[in-house]
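One structure is given here, and the rest of the page talks about it.
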Amino acid sequence: MSVREKIDHNFLYFFDQGESLDSYNVFGAHLVKDEDGNNIACEFALYAPNAKRVDLVGEWNDFKEGVHELFCVDNKGVWYARLEGDYEWQRYKYLITTHDGRRLYKSDPYAFYSQLRPSQDSKVYDIEGYKWNDDFWMYTHPKSYDRPMLIYEMHMGSWRRKGPGEDDFYMFNEIAPQLIEYLKDYGYTHVEVMPIYEHPLDMSWGYQGTGYYAVTPRYGVPKDFMWFVDQLHQNGIGVIMDWVPGHICKDAHGLYMFDGTPLYEYPDEEIRENKEWGTANLDLGKGTTRSFLFSNALFYMKYFHIDGFRVDAVSNLIYYLGNSDRGVNEGACEFLRKLSSHIFKQDDRVLLMAEDSSSFANVTKPASIGGLGFNYKWDMGWMNDTLKYFKLDPIYRKYHHHQLTFSMMYYYNEQFVLPFSHDEVVHMKGSLLNKMPGDQWQQFANYRLLIGYMMTHPGKKLLFMGNELASYDEWHYEGELPWSIKKYPAHDSANRFVKDLTTIYKNEPALWQMDYDTNGFEFIEADNAEQSIYVYARYAADKSDHIIVVMNCTPNTYENFKIGVKGNYFYEEIINSDKDIYGGSNKINPKKIRVYKKEWQRQTHSINITVPPLGIVLLKPVVRPKRTKKAK
């Protein structure tokens, strides 16, 4: 069926009502092929209800108006043209003339590809035809709730660079083999890519988009990104996409005031203009905006096999301009509920994550029972409380002891992901290591303790690229990560700790199987503020499979420190952040730790261990071997 035939009453009704889930099949530029697969024409369709005239200007007509004019096919404002010939890879724009005489050169909102900046042109691209080889992943990977989830957040253009030049990027097909090896080495289960659709300004990191359907040409063509995802899937790694449905770039060629009016945005300037970010807020209550965005999410699932979406700035959607005093934005909340319903109807294993700093309730409850419909929410409160605590000189931590225990007071209200994302290591905030107090030894010890706390606290995990390197420098998008620091012993040792710890995390069910079950966590000692020591247990579904975590947030060493445990097992130390191979002082415990049948801390048994300075220790029970009678 041709594009022109698809533009009927039913399509227009559902598009206008916000229920079109594949509007990209109508709008945009679509190649027409003959029986042999040759391109013989291209159909262009555009939604611009307030335009007086629309010209298609492209490199085939030297971008001149009056050569190829679109005609309005109905009273809803859908414009259409068919050009005979092969237009694949050709650049084009729309010249919209408004009723008041303005002339607007606009990129195609539904273009599948764009010319590399500084050009603002769209390009005709054949999105069909990629041959996928990830059937095993697509049909067999399970839901994530009782599975390990360790997410590597990355900016595609600054993980590695070919050189110092502005466009010395690795392409998707070049970076995939390097990235896969790296992720598997650390045990990461997913990679989350910061926005990879078209955006004009590098320093926006993709969060101010202009071409939602066009994978940015900075790293290759769209089918290169398909291959990137395909390769990750074949190696058992999921791909999450950073998605920004709340606000758009205000560059003249983008969606902003598309036909001279706020077509996708709020008509009210007071809530449309996001002055903090210099962007315009989309009106998620509008049917046409919903159709555009619902279709966009499902487009990436269909054509790119995306496994999940991290939705940016959800608090800015829940409340007008992110301000709870302005009241709840019911239109945006309903958009989020419908979004989750449409996504999970396609695949209920998809990850839909809210980057939400508000205390709005039921964000991760299903839409069917009144929730917003996300299945995960970033725990921004945990992140802020944790970093505030760790920035303190250890001498003052006892006065803020419950800053680390507070998270468990609300933890089971939502399904949380614990994030140390890019937002924590930019804009003069310093790297994770740089935030740590004390001399160099204490900074590295605190860093290891911080990562250890994150990996043993309930909740799925997200680390921004480079956090694992223990760098002193914060992230800069203009260059690559400081890979050379691994040649320095202190950084190399810290990196080794992260790698060993992430491997343990992935292999120990006690650290992830019961993340959202109240039986999966127990504080054994939560109130030892004087010594700044925390002791807690993580349990698998079989509670005999558990791990005891001991954290010491001071530089003091404690010998023969008594801890309550549940059973008559031996315990072994499976990792100690103070081990010398990690750069510590080697205050470690024997291979087998004896258990005493003495009640302590509400537990039936107890053990005595060495608690290292600014260290974290993970202890695992080992079943005692059965004694056999000696033969007479």
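What follows draws every value from the coordinates through simple rules; no lab data is involved. None of the values given here were measured: they were computed from a predicted structure. No Cβ is skipped: glycine too gets one built from the backbone with ideal geometry, and neighbour counts run over all protein chains shown.
Some notes on this structure:
- Selection from the stretch 253-276 of residues that are of a type in the set (D, E, K, R), touching a strand residue (DSSP E or B) at 6+ places or on another chain (Cβ under 9 Å) and surrounded by fewer than 20 Cβ atoms within 10 Å (Cβ to Cβ): Arg272, Glu273
- Residue pairs whose Cβ atoms lie under 9 Å apart, separated by 6 or more positions or on different chains, with the first residue in the stretch 573-601 and in contact (Cβ under 8 Å) with a residue 60 or more places away in the chain and within 21 Å of Thr554 (Cα to Cα) and the second basic (Lys, Arg) and surrounded by fewer than 19 Cβ atoms within 10 Å (Cβ to Cβ), are Ile581/Arg496; Tyr582/Arg496; Gly583/Arg496.
- Candidates in the stretch 277-333 are the residues that are of a type in the set (Asp, Glu) and closer than 26 Å to Ser359 by Cα; of these, the one that is surrounded by the most Cβ atoms within 10 Å (Cβ to Cβ) is Asp283.
- The number of residues in the stretch 389-418 being crowded, with 21+ Cβ neighbours inside 10 Å, in contact (Cβ under 8 Å) with a residue 60 or more places away in the chain and under 18 Å from Gly452 (Cα atoms) comes to 3.
- Condition check for Arg448: under 18 Å from Tyr152 (Cβ atoms) and not hydroxyl-bearing (Ser, Thr, Tyr): no
- Scanning the stretch 474-509 for residues that are touching a residue at least 40 places away in the same chain (Cβ under 8 Å) and touching an Asp or Glu at 6+ places or on another chain (Cβ under 6 Å) yields a single hit, Val498.
- Tally of residues being hydrophobic (A, V, I, L, M, F, W, C) and either over 26 Å from Gly209 (Cβ atoms) or out of contact with any strand residue (DSSP E or B) (no Cβ under 9 Å at 6 or more places or on another chain) (or both) across the stretch 119-169: 7
- Among the residues of the stretch 171-188, just one is surrounded by 22 or more Cβ atoms within 10 Å (Cβ to Cβ) and within 14 Å of Tyr505 (Cβ to Cβ), namely Tyr188.
- Summed over the stretch 116-140, the residues that are closer than 27 Å to Gly260 by Cβ and surrounded by fewer than 19 Cβ atoms within 10 Å (Cβ to Cβ) give a count of 3.
- Tabulated pairs, the stretch 271-287, first on the phi > 0 side of the Ramachandran plot, second in a loop (DSSP other than H, G, I, E, B), C-beta under 8 angstrom, 6+ apart or interchain: Gly278/Gln208; Gly278/Lys250
- Residue that is surrounded by the most Cβ atoms within 10 Å (Cβ to Cβ), among those in the stretch 491-510 that are under 19 Å from Gly584 (Cβ atoms) and charged (D, E, K, R): Asp500
- Taken over the stretch 130-159, the residue count meeting the criterion of being in a loop (DSSP other than H, G, I, E, B), touching an Asp or Glu at 6+ places or on another chain (Cβ under 9 Å) and either of a type in the set (Asp, Glu) or closer than 30 Å to Thr456 by Cβ (or both) is 9.
- Flag if Arg82 is touching a Cys at 6+ places or on another chain (Cβ under 8 Å) and either more than 30 Å from Met353 (Cα to Cα) or among the basic types (Lys, Arg) (or both): yes
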